[in-house]
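What follows is a set of notes on a single structure, which appears directly below.
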Amino acid sequence: MNFPEYRPRRLRRNELFRRMVRETKLSVDDLIYPLFAAAGKGIRKEVPSMPGVYQLSVENLVKDVKEVRSLGIPAILLFGIPAKKDAVGSDACSDKGIVQTAVRAVKDAVPGVMVITDVCFCEYTDHGHCGILTRDGEVDNDATLAILAQSAVTHARAGADMVAPSDMMDGRVAAIRKGLDGEGFQGTPIMSYAAKYASGFYGPFRDAAESTPKSGDRKAYQMDPPNAREALREVALDVREGADIVMVKPALAYLDVIRRVREAFDLPVAAYNVSGEYSIVKAAAKLGWIDGDRVMMEILTGIKRAGADLILTYSARDAARILSE
Ligand code: PBG
């Protein structure tokens, strides 16, 4: 028998060899944990479609952020669920809004954790769209830019370390950059949801954030899933407008997009392992159909292997525990 010189199995023989030649290493430093701050007191309400994820009033949120910090997770992403929604999403632009209040509380009580805020209007508007509407019910791009910048400034003023616009309006990175700079926040970076697709995987998030649009969908502003070249144009625009980190979202069905963005740009690339990606793993694990922890780690490693430097994930706490074992 004429065996080939190279036998790949030699370096797979045991865990020591496998560890030695491992190409992709997931680290707790890569993880960003999303949290939902709800107006009110004494709230710790599990999201039915996202086991292990909660709507939290500020005092409970602070408790959880302390635990997140003690697990070594360096950063959190905050979403807000306001007491009152209206047509223009006023709470999102108020210094006393739910996210601004949560940021101040976390920055006060938990030093050493990076606080990133999601900048968008869908959680704050009564119609559930990501901006303000024209009379015909379309999202008004340019009118929304002004309030996005205002919202980002209130986040920075509350102490946010970085802002993350997820609205998908054209020109919003430039508008937010200008707004931040004008108020003295030149040092606050922008992580833009640069290539964000109109995805069915956001379903559970909309339960968590109570942000399902009352009518229509987000297809007129979020990207069309079949398009990858367009993602590169979106990212290029955000880079030109001043984004510091660019994000691809969702992650799993868009690993090719993560890879292409990684290859075309030298900025840090983040990927959002979104709510539906989390829920399907949890659900299948609960049914006993898959090993949930193993699949979760495989997914996170795959996202990193595709080219992501950072991963926003509801699995961050579970993953941090496994990584420290
Ligand atoms: C707000 C926003 C959404 C998500 C992050 N920011 C929802 C949406 O666009 O409908 C989704 C996150 C997830 O599914 O985990 N625009």
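Every read-out reported here was derived from the displayed coordinates using simple, explicitly stated rules and does not represent laboratory data. Remember, predicted model here, so these are calculated numbers, not experimental data. Quick reminder, even Gly has a Cβ in these numbers, built from the backbone with ideal geometry, and neighbours come from all protein chains shown.
So for the pair residue 283, residue 210, with labels modelled 7 Å out along Cα→Cβ, what separation do we get in nm?
2.4
Sort the range 23-323 into rounded, prolate or oblate with this rule: let a ≥ b ≥ c be the square roots of the eigenvalues of the Cα gyration tensor; rounded if a/c is under 1.5, and if a/c is not under 1.5, prolate when a/b is larger than b/c, oblate otherwise.
Here the range 23-323 falls in the rounded category.
With angles folded into 0 to 90 degrees, how steeply does helix 58-70 sit against the dominant principal axis of the chain? Use alpha carbons for both and round to 10.
Here the helix axis deviates by roughly 30 degrees.
Starting from the Cα of residue 107, draw a straight line to each of the lysines and keep only those under 20 Å, dropping any in the same chain fewer than 8 residues away.
Counting by Cα, and skipping residues close in sequence, residue 107 has these lysines nearby: 41, 63, 66, 96.
Which ³J(HN,Hα) values in Hz, rounded to whole numbers, follow from the phi angles of the range 7-18 under the Karplus curve 6.51 cos²θ - 1.76 cosθ + 1.60, where θ = phi - 60° and Gly and Pro get x?
My calculation for the range 7-18 gives 10, x, 5, 4, 8, 10, 5, 8, 5, 5, 5, 4 Hz in order.
For residue 322 and residue 183 in the same chain, what is the full-extension length gain: residue separation times 0.36 nm, less their Cα-Cα distance, in nm?
Length gained, residue 322 through residue 183: 45.9 nm.
Please find the FRET efficiency linking residue 295 to residue 253, where r is the Cβ-Cβ separation and R0 is fixed at 22 Å, and quote it to the nearest 0.05.
In this case the efficiency is close to 0.90.
Using a basic spin-label model with each label point 7 Å from the Cα along Cα→Cβ, how many nm lie between residue 29 and residue 66?
Label-label distance for residue 29 and residue 66, simple model: 2.8 nm.
So how far, in whole Å, is the C-alpha centre of the range 21-100 from the one of the range 191-261?
Each part reduced to its Cα centre gives a spacing of 20 Å.
So if we plug the beta-carbon distance of residue 198 and residue 15 into 1/(1 + (r/R0)^6) with R0 = 41 Å, what FRET efficiency do we get, rounded to 0.05?
0.45
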